[in-house]
Amino acid sequence: MKKQISVIMAAIMIASAASGCQSPGNQATGATSGGEQKEIKTFSLYTMGQTTPLDLSNTPVGKKVTEITGVKLKCDYQVGSDEATIATTQTASGQYDDLLNPHNELNVYRDAGALVPLDDYIEKYGTNIKKWYGDDLKKLKDPETGHIYSLSPARKTVTPIYPLYGFYVQKQVLKANNWPNKMTLDDFFAMLEKFAKEHPTINGQKVIPFASRGDRDGSYLISGVPALLAGYPNTGGNYYDADGTAHNFSLSKWSHDYYKKLNEAQQKGMIDPNMFSQTADQFYQNIASGKVLAFYGGRWEITNQIASLENQKMYDQVPFAISVVFPGVEAESYNGIESISAGQGICITTSCKDPVGAFKFLDAMCSEEVQKLVQWGIEGEDYTVVDGKMTLTEEQLKKVDDADYAKKQGVGQWWNFPHPNLDANTKFSDGNYVHPQNLPLYISSHYKDYEKEVLQGYKVSNLYDMLAPMKSSKFGYGWDISIPDSQPELQDAQKKSGDITNKYLAKLINAKAGTFEDVWNEYCNEMKAAKYNSTESYFTQQVQKRIKEWN
Amino acid sequence: MIKAEVSPKLENGSVALMPKKKSFFASLVRQKDLVLITLPFAALLILFNYVPLWGWIMAFQNYKPGLGIFNSKWVGFKNFYDLFHDSYFFLGIRNTLGISLLKLVTGYLGSITLALLINEIKNLAFKKTVQTISYLPHFVSWVVVSGLVYTCLSTDGGVVNEILMKLHIISEPFNFMGTPKLFWGVMAGSDLWKEIGWNSIIYLAAMSGINPDIYEAADIDGAGRFRKIFSITLPGILPTIKILLILSVGNLLTVGFEQTYLLSNNMVIDYSQTLELYVYNYGMGMGRYSFATAAGIFNSVVALILVTTFNKLSKTISGESAF
């Protein structure tokens with residue numbers, strides 16, 4: 001049987017290679033597959049936010065996808081301008097590629113009427129999509145128009161092997177303090193102070209006990225922390241009651257206490273003096289040099305820095321995430337919320353001449369056959385089947401982490417297309433995981449020796465388990481709600497209060513001894529003048545709407 | 001805007017040669033060759049400098065890219081009202097003018113002084129080397145220069161702090177980039193470093209146009225170096241200085257977006273939010289294209305008023321003018 005398939009596939013490949021010489025239009029004639037005429041369609045795809053060349057259909061996996069779906073993609077990516085400029089130019093001209101991932105600019109395209117609503121297509125043709133998305137479909141409705149424009153790829157992810165966000169502390173500090181976790185803010189800074197006193201320099205460089213990004217785009221890493229310290233997950237500038245009422249915490253006691261603690265630490269010389277007058281690059285450089293004992297951030301931001309520390313064999317300086325809470329807080333939520341988020345994803349545009357064909361292709365991308373290809377790769381090359389179980393050999397394990405190989409092979413590059421949840425609980429109908437990174441084999445093989453010591457220290461088998469798992473939420477992330485253009489006053493209030501906070505973070509944390517409360521009052525007055533909490537009612541309304549519609 | 005003013009002068013100049021009261025069309029026919037030569041440039045000028053002004057209509061609309069100019073809602077002067085009722089806007093004007101004037105003064109004094117100094121060097125090889133080195137930074141992008149500035153002024157081993165500490169002027173590193181009131185100085189200083197050599201080229205060119213006989217005569221009369229600088233070189237390049245000054249007055253409201261954006265940070269935002277940055281943050285950044293256009297119109301009108309007044313002023317006082 002297998003042999004037969006491969007013979008047919010070879011025939012298709014030769015035929016499609018031959019037909020490739022013809023005009024690349026929509027009508028390129030296809031090959032005989034199982035006796036019937038199959039047409040190869042070509043769709044153009046524009047991926048916003050993709051700034052490096054992308055040629056999905058010309059990879060080995062991509063070619064197989066074309067065989068199964070009968071669709072070839074002509075990929076275009078973002079060059080030169082920023083997303084907003086491109087979106088404006090494209091909508092002004094009214095010319096789009098057949099398929100489009102609008103990334104952060106969905107609203108612009110939607111308002112220009114560039115996107116084809118998918119609701120009816122899903123009803124009629126979306127067999128695979130309905131199977132994998134199920135109840136999530138109603139969460140994908142656009143808040144403004146009530147239509148579905150894209151099948152969001154932002155779903156449950158593969159089993160994480162590291163916490164997503166947290167207070168990152170160097171391994172040597174954790175080890176010296178007998179692997180602490182869930183510390184109070186006071187204990188946390190006491191630990192840093194003590195360690196810095198005992199070890200004033202690291203490799204000849206002066207130690208920075210606590211640092212943070214403080215640049216224009218990074219100050220949310222300070223201003224967003226107070227709610228986390230109080231045990232709430234990151235839902236943007238507001239935290240939400242169980243009934244969905246939004247509370248802006250900019251001026252809360254939490255914020256006051258956190259900034260005050262940072263101010264105290266600053267007076268003791270424990271805070272990076274350049275925190276607010278350096279670029280993000282300089283901050284990350286400090287992390288890579290191993291002189292920063294602790295900071296708050298996300299793992300995905302510092303993967304390069306960790307790799308650099310590993311290359312320098314500075315394993316003791318690699319940071320690991322722990323949680324820090326206010327006294328009396330029982331549960332922490334540093335890992336945030338697990339949800340589907342509407343927004344980016346592949347949309348069909350009004351320029352597409354064959355929207356039904358395009359949708360059928362999107363649905364076909366969701367079929368198990370294609371999913372095995374795009375998530376796992378090609379059998380024999382990227383994975384092995386033993387007794388019907390998909391697994392990885394030693395060599396294939398290495399390929400999973402090799403970004404260059406994945407790009408060449410075309411595996412794992414299809415994230416923007418509709419796909420199942422990728423977590424360990426979602427499985428193909430034959431019982432296999434949907435993604436190789438869920439294999440316990442992969443997880444256990446991934447940790448390096450210095451990480452295994454941390455695993456033993458904390459008595460866990462997965463570093464992700466050091467913090468509470470991602471929470472489910474009745475209204476999704478919350479931070480993905482944005483104020484529409486129809487509410488310019490609220491937009492203005494949000495922007496201004498954000499800018500005021502950015503400015504005062506620096507003033508508050510650098511305040512001289514005894515002046516903190518004065519600066520804080522000044523900050524409160526300016527925020528109130530900018531009507532910082534006028535947006536609460538809008539967020540409340542939107543979250544309550546979601547709670548009603550989604551549950 | 002300024003380029004638009006230069007070419008009419010050429011046409012005026014040639015028209016002035018004609019006997020007066022001659023009909024416009026007659027002279028047009030007589031100068032058809034000249035007219036033909038300038039036609040492509042006039043067309044370019046109209047295409048790129050005047051046709052886009054059509055977009056100013058946006059300022060009176062609530063413009064949405066998807067709807068286009070024809071379908072967007074008309075809102076009258078609302079965008080201007082919003083602009084003039086925003087305290088940040090006036091903060092922006094203050095910062096823009098502050099930085100601009102500081103840049104104007106340091107830039108002019110610096111490049112004229114450098115040109116005078118280079119002009120006094122007699123060794124040709126050395127002169128060329130100094131000149132080349134001094135204008136090289138002009139070709140470096142602000143992205144790189146801002147990185148240099150941040151590194152040099154860093155409290156963590158930055159070269160400026162190191163020198164000041166070795167000289168015992170300060171006892172601990174000073175946070176230059178984090179001191180709001182120093183930001184204008186940082187802007188002017190970094191601009192001076194980058195542009196001083198480039199800006200001095202035009203003065204050097206003007207100096208080489210001064211008749212050497214005058215210097216010889218001054219030598220015979222026993223004038224020293226400084227006497228020659230103040231009595232011959234400076235008066236010789238005065239017309240150039242004046243024209244450049246008039247032209248740069250029109251740019252008073254544009255500080256240089258890249259430089260401001262890259263050098264500013266949250267700590268100094270009160271002194272670094274210039275008009276351009278304000279328009280970027282509160283106009284384009286929030287998708288308020290109409291609002292940004294309104295600010296742009298304000299900018300253009302003020303620049304136009306500044307240039308014409310200054311030109312007039314200069315004409316009446318010294319008879320020197322750009323147009």
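The values are calculated or read from the model by the stated rules, or taken from the named source; none is laboratory data. Predicted model, so just to flag it, every value in this text is computed and none were measured. Cβ coordinates were reconstructed from backbone atoms using ideal geometry, including for glycine residues, and neighbour counts include every protein chain displayed.
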Any helices (runs of 4 or more DSSP H) falling wholly within the range A:249-337 and containing at least 1 residues that are within 14 Å of another protein chain (Cβ to nearest Cβ):
A:253-267, A:280-289
Conditions (1) within 30 Å of residue A:269 (Cα to Cα); (2) not assigned by TED's automatic domain parsing to the domain that holds residue A:264: number failed by residue A:461
(1)
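Yes or no, residue by residue, for (1) closer than 30 Å to residue B:175 by Cβ; (2) assigned by TED's automatic domain parsing to the domain that holds residue B:114; (3) surrounded by fewer than 17 Cβ atoms within 10 Å (Cβ to Cβ):
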{"residue": "B:219", "(1), (2), (3)": "no, yes, yes"}
{"residue": "B:242", "(1), (2), (3)": "no, yes, no"}
{"residue": "B:245", "(1), (2), (3)": "no, yes, yes"}
{"residue": "B:250", "(1), (2), (3)": "no, yes, no"}
{"residue": "B:257", "(1), (2), (3)": "yes, yes, yes"}
{"residue": "B:270", "(1), (2), (3)": "yes, yes, yes"}
{"residue": "B:273", "(1), (2), (3)": "yes, yes, no"}
Going through (1) assigned by TED's automatic domain parsing to the domain that holds residue A:322; (2) among the charged types (D, E, K, R); (3) part of a helix (DSSP H, G or I) one by one, residue A:452 fails only at (1)
If we keep just the residues of the range A:491-518 that are β-branched (Val, Ile, Thr) and farther than 11 Å from residue A:250 by Cα, which is farthest from the other protein chains (Cβ to nearest Cβ)?
A:515
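Taking only the range B:31-75 into account, find how many residues are on the phi > 0 side of the Ramachandran plot and at pLDDT 90 or above. Before the answer, list the steps.
Taking the range B:31-75 and keeping what is on the phi > 0 side of the Ramachandran plot, we get B:68.
Still in the running and at pLDDT 90 or above: none.
Residues meeting the conditions: 0.
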Of the residues in the range B:182-199 that are under 14 Å from the mean Cα position of the chain (by Cα) and touching a residue at least 60 places away in the same chain (Cβ under 8 Å), the one that is surrounded by the fewest Cβ atoms within 10 Å (Cβ to Cβ) is B:198
Quick one: in the range A:376-398, which of the residues that are in contact with a strand residue (DSSP E or B) (Cβ under 9 Å, 6 or more places away or on another chain) and assigned to a helix (DSSP H, G or I) is farthest from residue A:100 (Cα to Cα)?
A:396
Looking only at the range B:69-90, which residues are away from chain A (no Cβ under 12 Å) and not hydrophobic (A, V, I, L, M, F, W, C)?
B:76, B:81
Taking the condition of being touching a residue at least 12 places away in the same chain (Cβ under 8 Å), in a loop (DSSP other than H, G, I, E, B) and not aromatic (Phe, Trp, Tyr), how many residues in the range A:466-503 meet it?
16
Going by the structure shown, is residue A:534 in the same structural domain as residue A:237 (by TED's automatic domain parsing), modelled with pLDDT of 90 or more and among the small types (Gly, Ala, Ser)?
yes
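Just need a number here: residues in the range A:412-437 that are among the β-branched types (Val, Ile, Thr) and at pLDDT 90 or above. Let's see the steps before the verdict.
The initial filter retains those residues of the range A:412-437 that are among the β-branched types (Val, Ile, Thr), namely A:426, A:434.
Filter once more, keeping what is at pLDDT 90 or above: A:434.
Residues that pass the stated criteria total 1.
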Name every residue in the range B:268-307 that is under 17 Å from the mean Cα position of the chain (by Cα), part of a helix (DSSP H, G or I) and away from chain A (no Cβ under 11 Å), in order of residue number.
B:275, B:276, B:296, B:299, B:300, B:301, B:302, B:303, B:304, B:305, B:306, B:307
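Looking at A:212, A:219, which one is in contact with a Lys or Arg (Cβ under 9 Å, 6 or more places away or on another chain), within 14 Å of chain B (Cβ to nearest Cβ) and touching a residue at least 24 places away in the same chain (Cβ under 8 Å)? Step through it out loud before you land on a result.
On the way: A:212 fails: in contact with a Lys or Arg (Cβ under 9 Å, 6 or more places away or on another chain).
None of the others qualify; the one that does is A:219.
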Among the numbered criteria (1) touching a residue at least 60 places away in the same chain (Cβ under 8 Å); (2) farther than 22 Å from residue A:482 by Cβ; (3) not β-branched (Val, Ile, Thr), which single criterion is violated by residue A:176?
(1)
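Hey, among A:551, A:521, A:533, which residue is more than 14 Å from chain B (Cβ to nearest Cβ), of a type in the set (S, T, N, Q) and under 25 Å from residue B:271 (Cβ atoms)? Let's see the steps before the verdict.
Numbers: A:551 fails: under 25 Å from residue B:271 (Cβ atoms); A:533 fails: under 25 Å from residue B:271 (Cβ atoms).
Exactly one residue qualifies, and that residue is A:521.
Report yes if some residue within the range A:81-94 is within 26 Å of residue A:369 (Cβ to Cβ), touching a strand residue (DSSP E or B) at 6+ places or on another chain (Cβ under 9 Å) and not in a loop (DSSP other than H, G, I, E, B); otherwise report no.
Just the residues of the range A:81-94 that are within 26 Å of residue A:369 (Cβ to Cβ), to begin with: none.
Checking the range A:81-94: not a single residue is within 26 Å of residue A:369 (Cβ to Cβ), touching a strand residue (DSSP E or B) at 6+ places or on another chain (Cβ under 9 Å) and not in a loop (DSSP other than H, G, I, E, B).
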Any idea which residue in the range A:204-228 is surrounded by the fewest Cβ atoms within 10 Å (Cβ to Cβ), counting only those that are more than 22 Å from the chain's Cα centre (by Cα) and not β-branched (Val, Ile, Thr)?
A:204
If I ask for residues that are without any contact (Cβ under 8 Å) to a residue 60 or more places away in the chain, within 13 Å of chain A (Cβ to nearest Cβ) and within 31 Å of the chain's Cα centre (by Cα), which ones from the range B:151-181 would you list?
B:151, B:152, B:153, B:154, B:158, B:161, B:174, B:175, B:176
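Taking the conditions exactly as written (away from chain A (no Cβ under 14 Å), buried (at least 17 other Cβ atoms within 10 Å of the Cβ), within 21 Å of residue B:188 (Cα to Cα) and among the aromatic types (Phe, Trp, Tyr)), does residue B:135 satisfy them or not? Break it down stepwise before answering.
Values: away from chain A (no Cβ under 14 Å): yes; buried (at least 17 other Cβ atoms within 10 Å of the Cβ): yes; within 21 Å of residue B:188 (Cα to Cα): yes; among the aromatic types (Phe, Trp, Tyr): yes.
So residue B:135 passes the test.
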Selection from the range A:87-118 of residues that are more than 11 Å from chain B (Cβ to nearest Cβ) and β-branched (Val, Ile, Thr)
A:116
Looking only at the range B:231-238, decide whether some residue is under 30 Å from residue A:87 (Cα atoms) and away from chain A (no Cβ under 14 Å).
no
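Restricting attention to the range B:48-68, and to residues there that are surrounded by 13 or more Cβ atoms within 10 Å (Cβ to Cβ) and part of a helix (DSSP H, G or I), which single residue is nearest to the other protein chains (Cβ to nearest Cβ)? Give the derivation first.
To start, the set of residues in the range B:48-68 that are surrounded by 13 or more Cβ atoms within 10 Å (Cβ to Cβ) comprises B:55-68.
With the extra rule that they be part of a helix (DSSP H, G or I), the set shrinks to B:55-60, B:68.
Details: B:55: 11, B:56: 17, B:57: 14, B:58: 12, B:59: 15, B:60: 16, B:68: 7 Å.
This residue is B:68.
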Here the residues within the range A:128-149 that are touching a residue at least 40 places away in the same chain (Cβ under 8 Å) and within 20 Å of residue A:375 (Cα to Cα) are A:128, A:129, A:131, A:132, A:133
If I ask for residues that are under 22 Å from the mean Cα position of the chain (by Cα) and crowded, with 20+ Cβ neighbours inside 10 Å, which ones from the range A:55-86 would you list?
A:56
Given (1) of a type in the set (D, E, K, R); (2) free of Cβ contacts under 8 Å to residues at least 60 places away in the same chain; (3) within 22 Å of residue B:280 (Cα to Cα), where does residue B:73 come up short, assuming only one miss?
(3)
Can you find a residue that is in the same structural domain as residue B:245 (by TED's automatic domain parsing), at pLDDT below 90 and polar (S, T, N, Q) anywhere in the range B:153-164?
yes
